[in-house]
Amino acid sequence: SQQGEEDPQALSIQEGENATMNCSYKTSINNLQWYRQNSGRGLVHLILIRSNEREKHSGRLRVTLDTSKKSSSLLITASRAADTASYFCATDRAAGNKLTFGGGTRVLVKP
Amino acid sequence: KAGVTQTPRYLIKTRGQQVTLSCSPISGHRSVSWYQQTPGQGLQFLFEYFSETQRNKGNFPGRFSGRQFSNSRSEMNVSTLELGDSALYLCASSLDGTSEKLFFGSGTQLSVL
């Protein structure tokens, strides 16, 4: 079963605009990660935020985490056509490589 | 360094057959995990191996099995294929055996007819 619910399921924006997507989860976590997937290919790790962190930045990415609300958001600033992809949040609760993924947000960036 | 390599890229099988998928992790990575991705169920964890030992298993029937070799390469096997097994099977490796940054292969797209 999926731990996370992502919102929105799909997002269409113009190049240069910001894209924001949200992830909610159900149980306590060690950390939350965001991954990108292009057209049914493999996933690429974008950023990790630990349960004791509230905000993290990496390049044009900004991630927030609110453990009291069990939610996270991913902001992509100044989006580019190359950002067109599906974005997944994933939570890590226990030892070992057992991530639980959300349903994903499909982002289309129009040139 | 080469990335995670999965073979084959595409596979077509018929119901009742069995299939073996292969994954070579990034050199030096000792942990390999497998995920199934379908439009309906999304990404679901299958199992994870570290130093040839299965450490975690997802909620899949016993028809799904895997193993890891001493060189960290991994295989997963699905026996008695069902139509619902059609999916993209993704392998991921990590350096330190945690799930803090997984490196994924491009996947094997399995179609069961």
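Taken together, the values in this text are just the output of simple stated rules run on the coordinates, not laboratory data. Note that this is a predicted model, so its numbers are computed, not measured. Note: ideal-geometry Cβ built from the backbone for every residue, glycine included; neighbour counts use all protein chains shown.
Some observations on this one:
- Computed about its Cα centre, the charge dipole of chain B is approximately 140 debye, with only Lys, Arg, Asp and Glu carrying charge at their Cβ.
- Near B:Thr98: Cβ cut-off under 14 Å, other residues only, Lys/Arg at +1 and Asp/Glu at -1. The net charge is +2.
- Net charge dipole, the protein assembly as shown: roughly 260 debye, given to the nearest 20, about the Cα centre with Cβ charges of +1 for Lys and Arg and -1 for Asp and Glu.
- Selected from A:Thr64, A:Thr84, A:Thr27 as most flexible by GNM, with chain A as the system and alpha-carbon contacts under 10 Å: A:Thr27
- Per residue of A:41-49, other chain Cβ atoms within 10 Å of the residue Cβ number 5 on average.
- Applying the Karplus relation 6.51 cos²θ - 1.76 cosθ + 1.60 with θ = phi - 60° to the range A:7-23 yields 3J(HN,Hα) values of 9, x, 6, 8, 8, 10, 9, 8, 3, x, 7, 8, 10, 10, 9, 10, 9 Hz, where x marks Gly and Pro.
- Under 11 Å, Cβ to Cβ, from B:Gln109 - net charge with Lys/Arg +1 and Asp/Glu -1: +2
- In percent, rounded to a whole number, the relative contact order of the range B:55-95 is 28, using alpha-carbon pairs under 8 Å and six or more apart.
- Relative contact order (%) - criterion: Cα under 8 Å, at least six apart; region: chain B: 37
- Per-residue ³J(HN,Hα) for the range B:78-88, Karplus 6.51 cos²θ - 1.76 cosθ + 1.60, θ = phi - 60°, Hz, x for Gly and Pro: 10, 9, 6, 4, 10, 4, x, 7, 4, 5, 9
- Legend: mean number of C-beta atoms from other chains within 10 angstrom of residue C-beta atoms, peptide B:47-60, equals 2.
- Exposure proxy for A:Asp83, A:Asp92, A:Asp66: other Cβ atoms within 10 Å of each Cβ, ordered fewest to most, give A:Asp66, A:Asp83, A:Asp92.
- Normalised contact order of chain A, rounded percent, pairs of Cα under 8 Å and 6 or more residues apart: 39
- Neighbouring partner chain Cβ atoms per residue of B:94-102, average, 10 Å criterion: 6
- A dipole drawn for chain B from +1 and -1 charges on Cβ atoms has a positive end, and of B:Leu95, B:Ser27, B:Phe47 the residue lying farthest that way is B:Ser27.
- Cα-based radius of gyration of the protein assembly as shown once divided by 2.2 N^0.38 Å, which approximates compact folds: 1.01
- Near A:Gly59, once Lys and Arg are set to +1 and Asp and Glu to -1 for all other residues with Cβ below 12 Å from its Cβ, the sum equals +3.
- Applying the Karplus relation 6.51 cos²θ - 1.76 cosθ + 1.60 with θ = phi - 60° to the range A:32-42 yields 3J(HN,Hα) values of 10, 10, 10, 10, 10, 9, 9, 6, x, 8, x Hz, where x marks Gly and Pro.
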